[in-house]
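Visitor: Take this structure first; my questions come after.
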Amino acid sequence: MRTLKNILVTGGAGFIGSNFIHYLFEKDSNFNYRIINIDALNYAGNLMNLNDVEEKWGGKRYFFVKGDICDAVLVHDLFNKYDIDTVVHFAAESHVDRSILGPGDFIKTNVMGTYTLLDAARNYWKISDSSMETGVLFHHISTDEVYGSLGETGYFTETTPYDPRSPYSATKAASDHLVMAYNHTYRLPVTISNCSNNYGPYQFPEKLIPLMILNILEGKPLPVYGDGKNIRDWIYVEDHCRAIVDILIRGERGCKYNIGGENEWENINLLYLLIDITAKKAGIDPVAVKNTITYVCDRPGHDRRYAIDSSQIKKELGWKPLVDFQTGLEKTVEWYLCNLDWINSIRNGEYRKWIAKNYTERETVI
Ligand SMILES: NC(=O)c1ccc[n+]([C@@H]2O[C@H](COP(=O)([O-])OP(=O)(O)OC[C@H]3O[C@@H](n4cnc5c(N)ncnc54)[C@H](O)[C@@H]3O)[C@@H](O)[C@H]2O)c1
């Protein structure tokens, strides 16, 4: 069992990172450590996700730094200043469609950024052969997309060969390889988790579930790629966060863990369920909403099916997903219905103006 002291969370203002920070502050009964959140606040990073944490814990147990994980000096300073013993690395360019339009930012953040963090950890922790037994750990958050696409049967296991097929998944695969290479070559204590599609509060509305919820509420067409039969495994974000904590505390160094919701859905069937839930909560006619479904030209290279075998983390760490899909979707729809201000401030640019006024481009930590 590891004891956590000073956790560097990267990308903590994004969707999963901010849920993770909330999870630590609200649900981890062992919480007595400090969290240092570095985030560049790109279009998907949103400090409003953490307003309550900042108010209650800011400057005491929680420290936010606006900065780029590719900035080696800044990252090194953070390790020094906060005596970092644990890294939980979420920061990434994360949207497949954007990676198809322009892979450059993905290569920079997902590959170079991960390298910068690994090197800072290696230098600060002064890794030696005995370090595997010391308290430090670099945990890398990755995706099931590194494994490629499945046919109608089968599951991704931790030993499935990598076969990334989009610029996004290729950069995530590259970062996974770098993490493992630092373990094998320099003995850096690392773990990796490869998770399936997450959903829940604070997800930027370019991703399938929040995009569809908002389009349903606003009476806009519901665009579905190709024949709508691509299959994804969906997990409620809190179940993912709990799995990460289990790995931080009890995970074996040098190991990868697959995390999935055991919850496969064709996109079109997911959309029917989401329409029923959203329409009911918002008092809209679901039949009329279903008529707005519009099939659009498929995403280039669109992977057909992802499905995760989570038996290793279940067996070794006793983790399992707890939130069923109906319940998780209901909570998610409710969150968006109750947080339309969050959506509006992203859309009308108020939030960007506030960031520009309150944060310099490179926040120094010395
Ligand atoms: N969303 C999913 O379904 C899913 C599934 C499996 C794995 N993942 C992985 O989980 C991680 C988080 O995903 P997410 O959905 O929360 O993404 P997100 O896009 O919502 O958040 C990413 C965060 O990283 C920050 N960031 C981007 N570039 C940065 C840089 N150069 N320096 C510092 N911060 C930077 C952004 O500002 C943002 O806050 C990613 O590594 C992603 O690959 C996501």
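None of the figures in this text is laboratory data; all of them are computed from the coordinates on show. Values in this document were obtained by computation on a predicted structure and should not be read as measured data. Cβ atoms come from the backbone with ideal geometry, glycine included; neighbour counts cover every protein chain shown.
Visitor: Taking amide hydrogens as modeled 1.01 Å from N in the peptide plane, which residues meet the under 5 Å criterion relative to THR143, leaving out close sequence neighbours?
Guide: CYS195
Visitor: May I pose another question? List TYR186, TYR43, TYR306 from most exposed to least, where exposure is judged by having the fewest other Cβ atoms within 10 Å.
Guide: Sorted ascending by nearby Cβ count, the order is TYR43, TYR186, TYR306.
Visitor: Further question: Could you derive backbone 3J(HN,Hα) for the range 64-69 from the dihedral phi with the Karplus parameters 6.51, -1.76 and 1.60 (θ = phi - 60°), listing whole Hz in sequence and x where the residue is Gly or Pro?
Guide: 9, 10, 7, x, 9, 5
Visitor: If you don't mind, there's one more thing I want to ask. So who's got an amide H within less than 5 Å of the one on VAL190, skipping anything under 5 residues away but keeping other chains? H placed 1.01 Å off N, in plane.
Guide: PHE138, GLY254
Visitor: Residue by residue through the range 201-214, which ³J(HN,Hα) values in whole Hz follow from phi under the Karplus form 6.51 cos²θ - 1.76 cosθ + 1.60 (θ = phi - 60°), with glycine and proline marked x?
Guide: x, 6, 7, 4, x, 9, 8, 3, 5, x, 4, 5, 4, 5
Visitor: Cut-off is 10 Å between beta-carbons; in what order do TYR23, TYR33, TYR182 appear when sorted fewest neighbours first?
Guide: With the sparsest Cβ surroundings first, the list reads TYR33, TYR23, TYR182.
Visitor: Quick one: Karplus J couplings for the range 81-86, per residue in order, coefficients 6.51, -1.76, 1.60, θ = phi - 60°, nearest Hz, x for Gly and Pro?
Guide: My calculation for the range 81-86 gives 5, 9, 6, 5, 10, 9 Hz in order.
Visitor: For the range 3-132, calculate the relative contact order in percent as a whole number, restricting contacts to Cα pairs under 8 Å that are 6 or more residues apart.
Guide: 30 percent
Visitor: Write down the percent of antiparallel bridges among all DSSP beta bridges whose residues are both part of the range 6-358, to the nearest 5.
Guide: DSSP beta bridges in the range 6-358 are roughly 5 percent antiparallel.
Visitor: Determine the gain in length on full extension of the stretch ASN32-ASP285; use 0.36 nm per residue of separation and subtract their C-alpha separation, reporting nm with one decimal.
Guide: Length gained, ASN32 through ASP285: 86.3 nm.
Visitor: Which percent of the Cα-Cα distances in the chain go past 36 Å?
Guide: 19 percent
Visitor: Tell me which residues come under 5 Å, amide H to amide H, from ASN198 once H is placed; ignore anything under 5 positions away on its chain.
Guide: Amide H neighbours of ASN198, under 5 Å, 5+ apart: ILE235.
Visitor: Could you give the distance between the Cα centres of the range 1-44 and the range 81-126, to the whole Å?
Guide: Value for the Cα centre distance between the two parts: 15 Å.
Visitor: Please arrange THR116, THR109 by how many other C-beta atoms lie within 10 Å of their C-beta, fewest to most.
Guide: Numbers: THR116 20, THR109 24.
So the residues, fewest neighbours to most, are THR116, THR109.
Visitor: To make sure I understand the rule: partners must be lysines, Cα under 28 Å from the Cα of LYS66, and not fewer than 8 residues away in the same chain. Which ones qualify?
Guide: Within the straight-line limit of under 28 Å, LYS66 reaches these lysines: LYS5, LYS27, LYS56, LYS81, LYS108, LYS126, LYS172, LYS207, LYS353, LYS357.
Visitor: Restricting to Cα pairs below 8 Å that are 6+ residues apart, what does the relative contact order work out to for the chain? Please round to a whole percent.
Guide: Details: 655 pairs, mean separation 68.9, N = 366.
Averaging sequence separation for qualifying contacts and normalising by length gives 19 percent for the chain.
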